[in-house]
1. Over what distance in Å are the Cα centres of the stretch 1-45 and the stretch 63-107 separated?
2. Let me know the volume per residue of the alpha-carbon convex hull for the stretch 29-76, in Å³.
3. Accessible area of the stretch 1-69 with a 1.4 Å probe: how many percent of it is carbon plus sulfur?
4. Among all the lysines, which ones have a C-alpha under 22 Å from Lys92's C-alpha, if same-chain residues fewer than 8 places away are not counted?
5. Could you list which residues have their amide H under 5 Å from that of Val178, counting only those 5 or more apart in sequence or on another chain, with H placed in the peptide plane?
6. Could you put Trp69, Trp42, Trp32, Trp167 in order of accessible surface area, largest first, with the 1.4 Å probe and the full protein assembly present?
7. Full-extension gain between Glu175 and Ile16, please, as 0.36 nm times their residue separation minus the C-alpha to C-alpha distance.
8. Explain nothing, just compute: Karplus ³J(HN,Hα) = 6.51 cos²θ - 1.76 cosθ + 1.60, θ = phi - 60°, for every residue of the stretch 75-92 in order, whole Hz, x for Gly and Pro.
Amino acid sequence: MVFFVVNCHMQPLLGILQGFGAPSCAKILTSWFAAKERGTYWGMWNIAHNLGGFAAPILAGTAARTLGWSWGLWAPGIIALFVGSLIMLTLKDSPEARGFSPVEQITVTSSRPDHNESEIEITPETSVENLSLLDNLFRNVLSNPFIWGLAFTYFCVYVVRQGITSWSVFYLIKEKGVIDAGAAAV
């Protein structure tokens, strides 16, 4: 019973902490890649956690089978710490922080008469009006039907992903007689 109570408190905390990664990755992707190539790299980023969900049982199962059950937990953790440390030490917020030129200059054409159809460079001062966090959330995110559509679509993608990466392993073990999770994941 204690495990259940602790797990009920830890799972939401885990979800919240994992949720910090997506906005950071979105900012890095938009800073480092131009709009015309962003879709390709955004797709690679979306595939990465599916590949991780596929590879983790293989890695953990193989480590547990060859080195003992505790290495099924230690091996993925050690690899995650190594890769995370490497990223933290080498990744910068923007190409400019690494000494490279900006990926792209964003310009818009103004149709206002006082600008004579000229191009205006967007700066942080001209691009966003000063809104509080809650005003921005309600005005630009929660009231946008496209965001809700994307959220629903992403929910459906995760149901399929969960079915393929997790439930299929249990199906193969229970119904098809596969001996361990590492073999079932392959």
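1. Cα centroid to Cα centroid, the span is 14 Å.
2. Values: hull volume 3.5 nm³, N = 48.
Hull volume normalised by residue count: 72 Å³.
3. Its accessible area is 76 percent carbon and sulfur atoms.
4. Here the lysines satisfying the reach criterion relative to Lys92 are Lys27, Lys36.
5. Ile173
6. Numbers: Trp69 195, Trp42 80, Trp32 60, Trp167 145 Å².
Heavy-atom accessible area, descending, gives Trp69, Trp167, Trp42, Trp32.
7. Numbers: separation 159, 0.36 × 159 = 57.24 nm, distance 3.47 nm.
Here the segment from Glu175 to Ile16 would lengthen by 53.8 nm.
8. Once rounded to whole Hz, the list reads 4, x, x, 5, 5, 5, 4, 5, 5, x, 5, 4, 5, 4, 7, 10, 7, 10.
The values are calculated or read from the model by the stated rules, or taken from the named source; none is laboratory data. This one's a predicted model, so the numbers in the text were calculated from it and none came from an experiment. Accessible surface areas use protein heavy atoms only, side chains included; no ligands, DNA or RNA. Shrake-Rupley method; radii C 1.70, N 1.55, O 1.52, S 1.80 Å.
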